[in-house]
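Every number in this text was worked out from the coordinates using simple rules, so none of it is lab data. If you're wondering where the values come from, they're calculated on a predicted model, not measured in any experiment. Neighbour counts are summed over all protein chains in view; Cβ atoms, including those assigned to glycine, are modelled from backbone coordinates with ideal geometry.
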Amino acid sequence: MQAIVFATANPNKLQEARKILGTGWQLSGLHDIGCTEEVPETTGSIRGNAIQKAEYVRDRYGVDCFAEDTGLEIAALGGEPGVYSARYAGPGAVAADNIALVLKKMAEHQDRSAQFRTVIALMLGNQCYTFEGILPGKILYAPQGTGGFGYDPIFQPEGYTDSFGILSPDIKNAISHRALALQSFAAFMRTQTQ
Ligand code: IMP
């Protein structure tokens, strides 16, 4: 059994990671190690934020851990919301606010192409390793379905005709940006324990 801390307070992400990694892993979240403060994400890049979060938790709590940061990158918006995905519509914004702003900014754009990018930063002792997962797709004209979280209802992955708001969690967990990054992370971890 591999025991490691996933430095996230987001229960959706923890649940997805548990499903993607499957049995053989014991994942603890930030609440499980008593970390209830907001972990800083101030570097201005997805990769930088993932590293910053993992380093913060390793330094303060003395545990090997991994953190991830994800952003939705929309070509017609020059890569926005990107690293600002969580609070695109301003401080305190919830998913519905962020979705509304994206749809407003995209109203005139024919090019709907977008991608989710996830970067995982792993701290093992003093070493830091990063893993990336990218999932291409497109932005719909209106939310579709109520499943998933965040921007899922307006994102349709390439090769599918439904949004992540409609596709089952099993499909999302098989193909998602987070799944791709977690698979690279898991493959690396296997090399460390052999
Ligand atoms: P963070 O990685 O927690 O900072 O997330 C950035 C933003 O992207 C948040 O608004 C999340 O809701 C959103 N987000 C992260 N992962 C996903 C996903 O898998 N689907 C849809 N939105 C996501």
Quick one: the Cα spread of the chain along its three principal axes, in angstroms, biggest first? 50, 32, 24
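On full extension of the chain, what length is gained from Ala96 through Asp170, given 0.36 nm per residue of separation minus the C-alpha to C-alpha distance?
Contour length minus Cα-Cα distance gives 24.3 nm.
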How would you classify the stretch 69-128 from its alpha-carbon gyration tensor, with a ≥ b ≥ c the square roots of the eigenvalues: rounded for a/c under 1.5, else prolate if a/b is greater than b/c, otherwise oblate? oblate
Given DSSP loops and a limit of at most 14 other Cβ atoms within 10 Å, what is the longest stretch of the chain that contains no such GluC sites (Glu not before Pro)? 39-107
Of the listed pairs Lys138/Lys172; Lys19/Lys104; Lys53/Lys104; Lys105/Lys138; Lys53/Lys105; Lys19/Lys105, those with alpha carbons more than 24 Å apart are Lys19/Lys104; Lys53/Lys104; Lys53/Lys105; Lys19/Lys105
Listed residues Ile175, Ile166, Ile33; largest mean-square fluctuation, Gaussian network over the chain with Cα springs below 10 Å, found at Ile33
I need the calculated FRET efficiency for the pair Gln192 and Gln26, taking r as the beta carbon distance and R₀ as 22 Å, to the nearest 0.05. 0.90
Separation in nanometres of the label points that stand 7 Å from Cα toward Cβ, at Gln110 and Tyr160: 2.7 nm
For the chain, what does the helix formula give at 222 nm: sum of -39500 (n - 2.57) over DSSP H segments with n ≥ 4, over the residue count, nearest 500 deg cm²/dmol? -10000 deg cm²/dmol
In the stretch 47-87, what trypsin sites (Lys or Arg not before Pro) fall in a loop by DSSP, with at most 16 other Cβ atoms inside 10 Å? Arg87
Ala96: net charge of surrounding residues, Cβ under 14 Å, Lys/Arg +1, Asp/Glu -1, itself excluded? 0
